[in-house]
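Asks: The structure's right below; bear with me while I get my questions together.
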Amino acid sequence: MAFIRTVLGDIDPSEFGVCDSHDHMIRSGGPEVVESKDFLLDDVEASRKELERWVEAGGKSMVCMDPIGCGRNVPKFLELAESMRGKVHLIATTGFQKGDFYDHKVSFVATNTAEEVAEWCALEVTEGMDLNSYNGPIVKRCKAKAGVIKAGTGYCNISDFDYKLLKIAALTQLKTGVPISVHTQMGSMAYDVAIALRDYGADLSHTLICHVHKTPDRFYHKKIMDTGACICYDGPDRPKYVPDSVHIDNLKWLVEQGYQKQILLSMDAGKASYQSGYSEKIGRKNLGIAYLLNRFVPEMQEAGIPQDAIDDMLIHNPARVFSFIEH
Ligand SMILES: [Zn+2]
């Protein structure tokens, strides 16, 4: 039987519902927070408010993409998930972000083989996540399991370390059937990521390549999907990068070209200032993650993107991509 592995247990894919396929709920530290305090998402109550609003807007599930070494906080994430039990399905992540966030000589990824690291990632999928997120020698494995593995690559190049992370993701998928989701920097190198994963043995129909919308080139998006991989348009409401109208024109064209089964949507609201729950704490207002359903989807409808394509992007494609591969 097909299943999706949420942090509170496995579910039938038909229960997954409207999904934000790449987002951030709890991030308690890590290299991004060192870069900017705006990346700190450490308040369960503020995150819960954000999730409540996502549910009120019609959302039913969310794939939370904070991996090992990037502020993943399993105890807080579980507290959040428990507080929303029965209302929303959350997927937790094992694996890694882009290689630049890890020490290339002395991190445990550097000093062990890809096969050895994949064993440890697989345990987070099959046995349970480490409450310490593999940040030291003491492992406290809990019952909650990761339902996706992440890898990441740099801007306009893929380092040897990034390739190792992609290999770890593919090996973990081969071992466990877990779906893969990849951070690309500004959408660059996404095609090369797909080819590398395929060469490492990954099943691209259970692989999501994220942030491609930041390179708003629909011909490139088509080329990526022609490998069999799915892509995520994860971040409307970021006009400093690309206005929504460009995303919508591209999505409409890609649907007309027959690609609606390979596109997923999300907000990727990985900063406090992008979320309503955190913003209101400091006297600011925005639509937060609910923007996707309350603003962007109506814009897609107004532009003439058919409802069955929108339903594929929000419901049917996530249910299929995030299902485990059955061996
Ligand atoms: Zn993200």
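Asks: Report, in order of residue number, the helices in the chain meeting two criteria: a C-alpha extent of 15 Å or more along the helix axis, and a mean Kyte-Doolittle hydropathy of at least 0.0; treat each whole DSSP H run as one helix.
Replies: Details: long enough: 44-56 (18 Å, -1.12); 114-126 (18 Å, 0.35); 160-176 (24 Å, 0.07); 244-256 (18 Å, -0.18).
Counting only whole DSSP H runs, the qualifying helices are 114-126, 160-176.
Asks: Okay, moving on. Divide the volume of the convex hull of the Cα atoms of region 3-95 by its number of residues and quote the answer in cubic angstrom per residue.
Replies: 89 Å³
Asks: If you take every DSSP beta bridge fully contained in the chain, what fraction is antiparallel? Give it as a percent rounded to 5.
Replies: Within the chain, antiparallel bridges account for around 20 percent of the total.
Asks: Separate question: How big is the chain in terms of Cα radius of gyration and Dmax, in angstroms?
Replies: Cα-based Rg and Dmax for the chain come out at 18.0, 54 Å.
Asks: Another question, if that's okay. How about region 73-155: which chymotrypsin sites (Phe, Trp or Tyr not before Pro) there lie in a loop by DSSP and see at most 16 other Cβ atoms within 10 Å?
Replies: Qualifying residues, ordered by number: Tyr155.
Asks: Give the carbon-plus-sulfur fraction of the accessible surface of the chain in %, rounded to a whole number; probe 1.4 Å, heavy atoms of protein chains only.
Replies: 52 percent
Asks: Using the Karplus curve 6.51 cos²θ - 1.76 cosθ + 1.60 with θ = phi - 60°, what ³J(HN,Hα) values do you get for each residue of region 143-159, in whole Hz, with x for Gly and Pro?
Replies: 7, 6, 10, 7, x, 7, 10, 10, 9, x, 9, x, 7, 6, 7, 10, 7
Asks: Still on this model: Any chance you could list P(r) for region 141-279, counting all Cα-Cα pairs in 10 angstrom bins from zero, rounded to whole %?
Replies: Spelled out per bin, shortest first, that is 12, 41, 33, 13, 1.
Asks: Over the Cα atoms of region 79-170, compute the convex hull volume and normalise it per residue, giving Å³. List each step's numbers first, then the result.
Replies: Numbers: hull volume 10.4 nm³, N = 92.
It comes to 113 Å³ per residue, whole-number rounded.
Asks: Sticking with this one: Provide Glu119, Glu50, Glu35 ordered by accessible surface of protein heavy atoms (probe 1.4 Å), highest first.
Replies: Glu35, Glu119, Glu50
Asks: In whole Å and largest first, what semi-axes does the C-alpha gyration tensor of region 219-318 yield when each eigenvalue is scaled by 5 and square-rooted?
Replies: Working: eigenvalues 137, 37, 30 Å².
Equivalent ellipsoid of region 219-318: 26, 14, 12 Å, largest first.
Asks: Region 222-327: which trypsin sites (Lys or Arg not before Pro) are DSSP loop and have at most 10 other beta-carbon atoms within 10 angstrom?
Replies: Numbers: sites: Lys222, Lys223, Lys240, Lys252, Lys261, Lys271, Lys281, Arg284, Lys285, Arg295, Arg320; in loops: Lys240, Lys271, Arg284, Lys285.
Within region 222-327, the qualifying trypsin sites (Lys or Arg not before Pro) (loop, at most 10 other Cβ atoms within 10 Å) are Lys240, Lys285.
Asks: Greater than 18 Å separation of Cα atoms is the criterion. Which listed pairs, Lys223/Lys261; Lys37/Lys140; Lys49/Lys98; Lys222/Lys252, meet it?
Replies: Table pairs above 18 Å Cα-Cα are Lys37/Lys140; Lys49/Lys98.
Asks: I'd like the Karplus ³J(HN,Hα) series for region 316-326: coefficients 6.51, -1.76, 1.60, θ = phi - 60°, whole numbers in Hz, and an x wherever there's a Gly or Pro.
Replies: Coupling constants for region 316-326: 6, 5, x, 4, 7, 5, 8, 6, 6, 7, 8 Hz.
Asks: What are the equivalent ellipsoid semi-axes of region 48-99, built from the alpha-carbon gyration tensor (square roots of five times its eigenvalues), in whole angstrom, biggest first?
Replies: 22, 12, 8
Asks: Write down the accessible area per residue of the chain in Å², having rolled a 1.4 Å probe over the full set of protein chains.
Replies: Here the residues of the chain average 39 Å² of exposed surface.
Asks: While we're on this one: Distance between Cα centroids, region 246-308 to region 124-192: provide it in whole Å.
Replies: Comparing the Cα centres of region 246-308 and region 124-192, I get a distance of 25 Å.
The values are calculated or read from the model by the stated rules, or taken from the named source; none is laboratory data. This is a predicted model, so every value here is computed, not measured. Glycine gets a Cβ as well: all are built from the backbone with ideal geometry, and neighbour counts include every protein chain shown. Only protein heavy atoms, including side chains, enter the accessible area calculation; ligands, DNA and RNA are left aside. Shrake-Rupley method; radii C 1.70, N 1.55, O 1.52, S 1.80 Å.
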